[in-house]
Number of protein chains: 2
Amino acid sequence: MADTERLERERSFRRRLARLGTAWRRQVDHDLRDYGLTEATWRPVLYLGLLLPPVRQTDLARALEIEAPSVARLLDVLERRGLVFRSRDHEDRRSKLVRLTREGERIERQVRDAVDAVSHRLLSGISDSELTACYSVFDRIEENLCTTRMGAEAAVPS
Amino acid sequence: MADTERLERERSFRRRLARLGTAWRRQVDHDLRDYGLTEATWRPVLYLGLLLPPVRQTDLARALEIEAPSVARLLDVLERRGLVFRSRDHEDRRSKLVRLTREGERIERQVRDAVDAVSHRLLSGISDSELTACYSVFDRIEENLCTTRMGAEAAVPS
DNA sequence: GACGAATAGTTTGCATGCTTACGATTTTTT
DNA sequence: AAAAAATCGTAAGCATGCAAACTATTCGTC
């Protein structure tokens, strides 16, 4: 029956998506290992170059989609290496503001270039229309993710 | 210029792919937490139901695309829980053969159903042709991954 | 103004990925 | 046959994700 075929298609899609995600991450990590950046330390650097200051740790955690303790520990490392620094927020003394140091900005550019280079390499030979077709699919999957998640948490009426 | 636009497209694709991969994984993990299965323990179970015996630990590691030590530790946990058991391979006494227990097979079916259910939910509203279009893109990206990896290690002349 | 709830950051403990180093065994070379 | 190289599983140590519990501060309600 056709349902079996659809099931196989869905399984195959899930497997490929998962495999591609990890393989891509590994490729970037491999290329950035030479810059002294391990696994996940380059992401905070990249996002600090992207977000508009002032950036609190919570903002960074939300942007990176990781939990606050993970951010705190990563920033400990990056601060020790002199790539970022934390300062008190005088508006709200619970918060700390995070910024890249001069050296951090230098690394940020290198990271951005390296990440872009990998993307360019991996996406070579794929047309714009194919990319946008994938976007469309990705977006609808994310919508499905949100609607199911709504059931678990609580829908916020706008 | 058009190059800037292409660059943005590639960045956007990378970000969405990464975000979708982790979000999907979290969704499955969330649904399987109730079955007492944490983060990555369900994958060995699933693959043990998929691979044709005899399955050595190395085979499992290759299938899961994780390193041998990671597999060893996961199997320690699963063995302690009575889901798998290891036996010596009489063909090659370095190896150990891994199999699901009766209970492990029961859990394997539940895991498979749960994973399929998530896939079905997330892929609802997406047509077969869209899925295959994505396959095509994924496959070419994986090809690009392989060819670039050749350059880093050592190309084997055929 | 005072008290309870919410929020920001940290600490701690666990899960799980990797790399490196090791012992046991097999395969290959000489 | 003996020695060298490769392979299998394991152990130890690090990196990094999470959740839970804690402290300090701010907000909301009375």
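Every read-out reported here was derived from the displayed coordinates using simple, explicitly stated rules and does not represent laboratory data. Everything numeric here is computed off the predicted structure, so don't read it as measured data. FYI the Cβ positions are ideal-geometry reconstructions off the backbone, even for glycines, and counts take in every protein chain you see.
The translational diffusion coefficient of segment B:18-154, from Stokes-Einstein at 25 °C and 0.890 mPa s with a Kirkwood hydrodynamic radius over alpha carbon pairs, comes to 144 µm²/s.
A crude spin-label estimate for the pair B:HIS30 and A:TYR47, with each label 7 Å from Cα along the Cβ direction, gives 1.8 nm. For a Förster distance of 30 Å, can you work out the FRET efficiency between the beta-carbons of A:GLU39 and A:THR101, rounded to the nearest 0.05? Approximately 0.90, to the nearest 0.05. Here each label is just a point 7 Å from Cα along the line to Cβ, and for B:ASP76 and B:ASP3 those points are 5.2 nm apart.
Relative to the other identical copies, B:ASP92 shows label-point distances of 5.8 nm, where the label point lies 7 Å from Cα along the Cβ direction and values run shortest first. Charging the Cβ of each Asp and Glu at -1 and of each Lys and Arg at +1, and nothing else, the dipole of segment A:18-158 about its Cα centre rounds to 560 debye. Database remark: amide H of A:LEU51 closer than 5 angstrom to no amide H (H placed geometrically; neighbours at sequence offset of 5 or more, or on other chains; Pro and chain starts carry no H). Over all directions, the projected convex hull of the C-alpha atoms in the protein assembly as shown averages 22.2 nm² in area. Over segment B:22-95, the alpha carbon radius of gyration divided by the compact-protein estimate 2.2 N^0.38 Å works out to 1.17. Going by alpha carbons, how many degrees (0 to 90, nearest 10) lie between the helix axis of A:128-152 and the longest principal axis of chain A? The angle comes out near 80 degrees.
Look at the stretch A:61-68: the mean tally of other chain Cβ atoms within 10 Å of its residues' Cβ atoms is 1.
The GluC sites (Glu not before Pro) of segment B:54-87 that DSSP puts in a loop, and whose beta carbon has at most 16 other beta carbons within 10 Å, are B:GLU65, B:GLU67.
Comparing A:LEU48, A:THR38, A:VAL137 along the charge dipole axis of chain A, the residue lying farthest to the positive side is A:THR38, per the Cβ-charge model. Take the Cα of A:LEU64, step 7 Å toward its Cβ, do the same at B:HIS90, and the gap between the two points is 5.4 nm. Among A:GLY49, A:GLY21, A:GLY82, the largest mean-square fluctuation in a Gaussian network model of chain A, built with springs joining Cα atoms closer than 10 Å, belongs to A:GLY21.
For chain A, find the longest principal axis of its Cα atoms and tell me its angle to the long axis of helix A:2-33, 0 to 90°, nearest 10. Roughly 30 degrees between the two axes.
Considering only alpha-carbon pairs that sit under 8 angstrom and 6 or more positions apart, the relative contact order computed for segment B:34-124 is 30 percent. Comparing B:THR22, B:THR38, B:THR101 in a Gaussian network model of chain B (Cα springs below 10 Å), the most mobile by mean-square fluctuation is B:THR22.
Out of the chymotrypsin sites (Phe, Trp or Tyr not before Pro) in segment B:1-41, which ones are loop residues according to DSSP with at most 16 other C-beta atoms within 10 Å? Show your work: numbers first, answer last.
Numbers: sites: B:PHE13, B:TRP24, B:TYR35; in loops: B:TYR35.
Here the chymotrypsin sites (Phe, Trp or Tyr not before Pro) that fit, given the DSSP loop and packing criteria, are B:TYR35.
In a reduced charge model with +1 at each Lys and Arg Cβ and -1 at each Asp and Glu Cβ, the protein assembly as shown shows a dipole moment near 1040 debye about its Cα centre. To confirm my reading of the symmetry, which residue of chain B has the Cβ nearest the axis that brings B onto A, and what whole-Å distance does it have? So the closest residue, with its distance, comes out as B:GLY21, 1.
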